[in-house]
Structures are given as C-alpha cells and as structure tokens.
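Before any comments, here is the structure.
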Amino acid sequence: MPSFNKKIALRIGLVSILLAITMGYLAWLQAFNAAGDLNKGLTIETADRLMKKDGPFSSEFYLFHEEAGIAANYLVRYGIFDVVEIYDVDWNKLAEYGDTPSETEHSMMGLHHIKQPGLNNTTSDTQKLSDGRRVINTITPLTSNGKDAKNQVIGYLETLSIIPQWREAQLREVALQTSIMVALAVLLCGLILYPVIISLNKEKDLKSDNLFRSNIQTMKSLGEAAAKRDAETGIHNYRVTLSAIRIAEALNLPSAEMVPVIIGGLLHDIGKIGIPDDILLKPSKLNFDEMEIMKTHVSHGEEMIQGRTLLHEAYPVVSAHHEKWDGSGYPRGLKGEAIPLPARIFAVADVFDALCSNRPYKKSFDYQTAMEIIEKDSGTHFDPAVIDAFVPISKTIYEKIMHDNESTIHERLDQAINRYLKTQLS
C-alpha cells in the first residue's frame, strides 16, 4: 500500500474510532437519560390535564385538600408515578400519596431549596437511593386557565419516579445497543469514505504528476535553449546538473536543499539568451569590453527568473555561480560562505565540465589535466570543502557522466529529479 494510502487509512481509522467512541457515548448517555426526560414530560402533561376544564381544579384558583388527595391517589395507583405531592401557591402541602423514601433520601433529591413562591418553570433532578436505585424528582407549576386569571400559577405538582432494577438493566441494554449502532455507523462511514478519498487522491496525483512533468520539461527546454547558444546540443546542461547532484550527495545535502542545485543547474546560463552571438560564439579569448558584456548574462538570468515561483528556486545558482571563494568573482564579489552553497557546488561541476568539453575557444582537457587545474584553484576559486567531497568521486563523474551518451544522461537526470524534486514540488 502506498505511503499516502497508509496515512489516509490510519487517519480515517483514528478519526472514525474517536468519533465512534464519542458519538457512542453520547448516544448511550441520551438513551440512559431517557427515563428522566420521560418523567419530566409526564409530569408536565399531568399538570396540564389536572387544570383542564374537566379537571379537578378547573373551577377555582385555590386547591382543596380532598380534590388534591383524589388526584394524587389516582396518579400513583395507576402506576404513573411512585410518589405524588400537590402544593398550593404558597407551598402548603395539600396532598401526598405513595411510598416516600426515607426523609434523608427524599431530601437528597435537591429540589426542596427551590420551593419558593413564584416558581414558573418545570425543574427536575436525578439522584440515587442508598440501595442504588435512581429516583427522578420533578416539580412543575399548576397554571390556572380560568377566564379571569389566565396562566396564573395556583399550585405545584411534585412527582417522584423510582426506577426499578429490572428497568435500570433494560435502560442500560438499550443505551448500549444504541451506542454500538451509532459507533458501527460511524465506522462504516469511515470505511465508505476511504475508497472515495483514495480515488480522488489518485486523480489529484495524476494531475500533480502531469503538472510536475510539465514544469520540469519547461525548465529543461529553457536551459537547453540557453545551452544551445554556444554548444551543438543542450547536453552540457544535463551533464553539469547531474555532476552537481553527485557532489551534493557526497556532501550529504538534505533533499530539500537539492532543489536549488537541480533547478539552478538546469537554468544556470539562462541569461545567455541575452548575449549577442558575436561575443557568445567568439572562437578566441574575449577582450575586456566583451567580457563585461558576457558577465551581464548573470543579471539577465536573474531578471528572467526573479519572482517566477518555481524558476526562482534557481536563483542561488543563477546569481552566484561565477562568484569565487576568495571574492574575486562576479557579479557581486561574494567571498567564502557568503556564496550560497548550491552555487559553490555548481561552480566545481561547471568548471570541471567546461575543462573536459570542447568549446569554441578551446579543446577538451584530459581527466588528469582538468583535476590539476581544479585542485590548484581550491581555496581561491573553489570552496575547499566542496573540493574535498568532489575529488573522491571525480573519476566516476568523468567516466560515467562526461562520456555517457545523451539518452543515458537524460535517464539518470530524470531519476535524480524524481527522487529529489517530486516530493518537494508536487
């Protein structure tokens, strides 16, 4: 399974499990508390029925002990509540019916402190008796619907429902079943989402891969166009980029820092597009004025890539590949580590390739002569640390890169680009 698929599977699995646990617990809690909601609803409905036109208290604003007693008896006898208490508006008890728990346990219900005149809302509380049973205590106002006193509170109805052990076990079972169903539903959604996300990601990856290849091809084409100005083909660009990659690998450069090395290698001489042919292709050494014009290819290159997102990654190499370790280079005369490392690496690869290649103004040198020049310039032209990394691999670069055919160079460069750039730029 590809790395991305594993990550998605893991994340969807973790999120699904967390959601399943959370939603399952909430569903369990809701189902378990259903008895409290039921008792509260029954208490409110009972109060409404007591106060209807044909109810026992519909004719007057005050309650009679006899009528209250009959109502309380009825509500308990028919199993609606375990205990019923009816009060007048001043909280004088008019009736009580049912097997009330002990006084200590009853006061534990926590609602006695609210028994003050003016209570207008239904309130409920759930506690446990000493034997572990739950007791649901609810108080709701009795509101007159008489013509002269509409919606006036004339008393209070208090109910207690004791949940028996068998009912408690039943509620737990229902709550557990509900939570399991919700958890399974969440997990099932995760399983359904996984292939959908993978499919969408494949489509994204395909578009991303096409865009990546298009960007790389554009950079290659730009670099090759510049290289062909003073060479028969653009293979120099690919050779020197591949050589720079090998040196960077010898220096153990992190993958993220390979980006300017590779893109800079492909585009290092892009500014040569702005140099006249009579100077760029001159078979003899350039005079001072011509050399000054040649040097402007750096500024031309900077202007061409400046601020252009992906192309701008080449800036360290484009701007500084002609700087020298001792500060005698151009265009800024940077010295030592002030020169970006990708440019220091590329300078060695570029000069080595130039020494070992035919140019309009010279023939190629053999490996030994090229290395003598390179090592002699360590500490003046080149960073000594880069030379130390280059020397052990120089023979391999000379044999495997300088003398490989064009298709092999392309293949090896593409492999390096995929290895270092794809994850960074896709």
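Some observations on this one:
- Qualifying residue in region 171-180 (condition: among the basic types (Lys, Arg), in contact (Cβ under 8 Å) with a residue 60 or more places away in the chain and within 17 Å of Gly36 (Cβ to Cβ)): yes
- With respect to (1) outside any loop (DSSP other than H, G, I, E, B); (2) closer than 23 Å to Asp377 by Cβ; (3) in contact with a Leu (Cβ under 7 Å, 6 or more places away or on another chain), the lone exception for Glu323 is condition (1).
- Counting only residues that are assigned to a loop (DSSP other than H, G, I, E, B) and at pLDDT below 70, region 29-87 holds 12 of them.
- Of all residues in region 264-290, those that are part of a helix (DSSP H, G or I) and free of Cβ contacts under 8 Å to residues at least 60 places away in the same chain total 14.
- Pair list, Cβ < 8 Å and 6+ apart or interchain, from region 375-388 residues that are among the polar types (S, T, N, Q) to residues that are not in a loop (DSSP other than H, G, I, E, B): Ser378/Pro384; Ser378/Ile387
- Just one of the listed residues (Ile235, Ile293) is under 45 Å from the mean Cα position of the chain (by Cα) and either under 30 Å from Ser407 (Cβ atoms) or without any contact (Cβ under 8 Å) to a residue 40 or more places away in the chain (or both), namely Ile235.
- Among helices (runs of 4 or more DSSP H) entirely within region 368-426, having at least 3 residues that are at pLDDT below 90 and of a type outside the set (Ser, Thr, Tyr) singles out 406-420, 422-425.
- Within region 331-360, being closer than 19 Å to Met402 by Cβ and touching a residue at least 40 places away in the same chain (Cβ under 8 Å) holds for Ile345, Phe346, Val348, Ala349, Asp350, Phe352, Asp353, Cys356, Ser357, Arg359, Pro360.
- Only residues that are in contact with a Ser or Thr (Cβ under 7 Å, 6 or more places away or on another chain) and more than 26 Å from Met258 (Cβ to Cβ) were counted in region 326-380, giving 4.
- Of the residues in region 218-235, at least one is part of a loop (DSSP other than H, G, I, E, B) and among the hydroxyl-bearing types (Ser, Thr, Tyr).
The values are calculated or read from the model by the stated rules, or taken from the named source; none is laboratory data. Here the structure is a predicted model, which is why all the values come from computation and not from measurement. Glycine gets a Cβ as well: all are built from the backbone with ideal geometry, and neighbour counts include every protein chain shown.
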